[in-house]
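The values are calculated or read from the model by the stated rules, or taken from the named source; none is laboratory data. Worth saying up front: this structure is predicted, and the values here are computed from it rather than measured. Glycine gets a Cβ as well: all are built from the backbone with ideal geometry, and neighbour counts include every protein chain shown. Accessible surface is based on the protein model in full, side chains and every heavy atom, while ligands, DNA and RNA are left aside. Shrake-Rupley method; radii C 1.70, N 1.55, O 1.52, S 1.80 Å.
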Amino acid sequence: MRPAKLILGGKEYEFPVIVGTEDEVAIDIRKLRDMTGAITYDPGYVNTGSCKSDITFIDGEKGILRYRGYPIEELAGKLIYSAAAYLVIYGHLPDKEEFKDWRRDLTMNSFLHEHLRKFFDHYPITAHPMNILASMIASMSSFYPEEIDDPNDIDRHIKRIVGQVKTIAAYSYKQFIGKPCIYPRSDHSWSANFLRMMFGTPAEEYQVPKIMEEALDLILILHMDHEQNCSTSTVRMVGSSQSDLYASVASGINALWGRLHGGANEAVLNMLQRIHKDGGNYKKYVDMAKEKGSRFRLMGFGHRVYKNFDPRAKILKDTVTRLLADLGNNDPLLEIAMGLEEVVLKDEFFIERKLYPNVDFYSGIAYRAMGIPTDMFTVLFAMGRMPGWIAHWLEMRTDRDQRIHRPRQLYTGPNLQHL
Ligand code: SDX
C-alpha cells in the first residue's frame with residue numbers, strides 16, 4: 001500500500017503503511033520523531049498498535065473473536081480448558097501425544113510447593129483473592145528460580161503457572177471461609193479439579209456436576225485472550241524489561257483487578273444487588289448513567305473495541321439461561337439483568353455510543369449460579385486469561401521488532417525556574 005503522507009510545519013513526510021492478515025492498516029511511525037521531531041498523542045492508546053501478533057483477532061464492528069484463526073464459537077463449548085490453553089500458548093491444537101503429555105504435566109504441576117502453600121496461613125481473612133493470587137504467582141519465582149532464558153525452563157514455568165493457578169484460586173477461597181484445602185486429583189480435568197478443590201471437603205468424595213464442569217470450561221475459554229487489553233498490555237510492558245514470567249503475569253493480574261477491566265464482573269453483581277435492594281428499579285440506574293457528567297456507569301456495558309455485541313456475551317447469555325434452568329436457580333438478579341439489557345439496547349444514549357453488554361455482564365451471573373462467591377469472579381477471569389498472558393509474553397520475547405516499552409509524553413509543566 002502507498003505510504004502515508006504527513007504535512008507538518010510546511011514540510012511533507014512519508015511513512016510506510018503495513019497491512020495485517022485481515023486487512024487492518026497501520027501507519028509505521030517508528031521514525032516519526034527522528035524525521036519530524038514530533039510525537040503522537042493518544043491517551044489510553046485508543047489508536048495505537050503496540051505490536052504485531054498472531055494470537056487473537058478481534059473485529060469490533062462485526063463482533064468477531066478468533067484465537068489462532070479459530071472463531072470463538074467453534075472453541076467455547078467444544079474444547080476443554082486445557083486443549084484451548086495449549087492452542088493459545090503454542091499456536092496449534094495438540095495431537096493425541098502432545099495432549100496426553102500436556103494434561104499429565106498440568107496435573108503433576110497442580111501442587112503448590114509446600115512452603116508456598118504455608119503462605120495461606122498468614123493472609124488476613126479479609127484478603128481479597130485477587131490480591132492473594134497476584135502475590136502468590138509473583139512469589140513462585142522464589143521457589144522456581146531456574147534460568148528464565150532457557151526454553152526448557154520456560155516450558156516448566158508455563159506448566160507450573162497453568163497448573164497451579166487453579167489450586168491457588170481454590171485455596172484462597174477455602175482460606176477465606178476457614179475450611180480445609182484438598183489436593184487436586186490426577187483423574188480429574190483441569191476445570192473439574194478446580195471445582196472439586198473449591199466445593200469438596202476431606203470428609204467425603206465430591207462429585208463435580210458435569211453441567212458445571214462444562215460451563216466452567218466454556219466460560220474460561222471465552223476469557224482466554226483478547227489481544228492488547230489493559231492486563232495483556234501490562235504483561236507485555238513488564239516482560240519487555242526482561243522481567244520473568246511470574247512477575248509479568250502477576251502484574252497482569254493486578255491490572256485485571258480494576259473495575260473498568262476484569263473487576264467489572266464483580267462490579268456487575270454488586271450493581272445488580274444494589275438495584276435489587278432498591279426495589280429492582282433498574283430504569284433509575286439507567287437514567288443515572290445517562291446524567292450529564294455522571295460518574296456512574298452501568299457495569300458490564302460498553303467496550304473499547306466492540307461497537308457491536310461482544311460475541312462472548314452472546315454465547316454467555318445462552319449458557320447462563322441453560323445453567324439456571326439445569327441448576328433450578330431462578331435468580332432474581334437475572335431478571336433484573338434481562339430487564340436492564342432490554343432497556344439499554346433500546347435507549348438512544350447507549351445506541352449512539354454503541355454501548356452493548358460485554359463479557360462481564362453475564363459471566364458474574366453464571367458464576368453466581370454455580371455457587372462461586374462474588375469476590376472470586378475476577379479470579380476466575382484471571383484463570384481464563386492466564387494462557388493468553390503467557391502466549392503474549394512468549395510472543396513478545398521472540399518478536400525482533402520488540403524493545404523495552406517506553407512511551408513518550410507531552411510536557412505541560414512549568415518552564416525553567418530557579419530556587
Ligand atoms: C473488559 O479491552 C478488552 O478487551 C477488555 C476485556 C477483555 O477481555 O480483556 O474485554 C474485558 O474489561 C470488558 C469491559 C468491562 N468493563 C465494564 O463493563 C465497565 C463499564 N464500561 C466502561 O467503563 C467502558 O465502557 C469501558 C471502560 C469498557 C470502555 O471505555 P472507553 O472505551 O474508554 O469509553 P469511554 O469511557 O470513552 O466512553 C465513551 C462514552 C462516554 O460518554 P460521553 O463522554 O461520550 O458522553 O460512553 C460512555 C462514557 O460516559 N460510557 C458509558 C459506559 N461506558 C462508556 N456510560 C454508561 N455506562 C457505561 N458502562
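Structural remarks
- Condition met for N131 (more than 16 Å from the ligand (Cβ to nearest atom) and modelled with pLDDT of 95 or more): yes
- Matching residues in the stretch 41-58 - criterion: being aromatic (F, W, Y), away from the ligand (no atom under 12 Å from the Cβ) and open to solvent by 50 Å² or more (accessible area, probe 1.4 Å): Y41
Residue-by-condition table, conditions (1) touching a helix residue (DSSP H, G or I) at 6+ places or on another chain (Cβ under 9 Å); (2) of a type in the set (D, E); (3) surrounded by 18 or more Cβ atoms within 10 Å (Cβ to Cβ); (4) not assigned by TED's automatic domain parsing to the domain that holds A313:
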position: K96; (1), (2), (3), (4): no, no, no, yes
position: T107; (1), (2), (3), (4): yes, no, yes, yes
position: L112; (1), (2), (3), (4): yes, no, yes, yes
position: R117; (1), (2), (3), (4): yes, no, no, yes
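- Looking across the stretch 11-23 at every residue that is open to solvent by 90 Å² or more (accessible area, probe 1.4 Å) and closer than 18 Å to E227 by Cα, the one that is farthest from the chain's Cα centre (by Cα) is identified as D23.
- Within the stretch 158-187, tally of residues that are open to solvent by 20 Å² or more (accessible area, probe 1.4 Å) and β-branched (V, I, T): 1
- For G388, the requirement of being touching a residue at least 40 places away in the same chain (Cβ under 8 Å) and in a loop (DSSP other than H, G, I, E, B) is not met.
- Filtered residues of the stretch 188-203 (kept if open to solvent by 10 Å² or more (accessible area, probe 1.4 Å) and touching a Ser or Thr at 6+ places or on another chain (Cβ under 9 Å)): H188, S189, W190
- Residue match in the stretch 393-402 (condition: within 16 Å of the ligand (Cβ to nearest atom), closer than 25 Å to V162 by Cα and touching a Pro at 6+ places or on another chain (Cβ under 6 Å)): no
- Residues of the stretch 24-40 classified as open to solvent by 100 Å² or more (accessible area, probe 1.4 Å) and over 28 Å from L394 (Cα atoms), total: 2
- Selection within the stretch 213-239 - away from the ligand (no atom under 16 Å from the Cβ) and surrounded by fewer than 20 Cβ atoms within 10 Å (Cβ to Cβ): E214
- Looking across the stretch 210-260, the residues that are free of Cβ contacts under 8 Å to residues at least 24 places away in the same chain and of a type in the set (V, I, T) come down to T234, V238.
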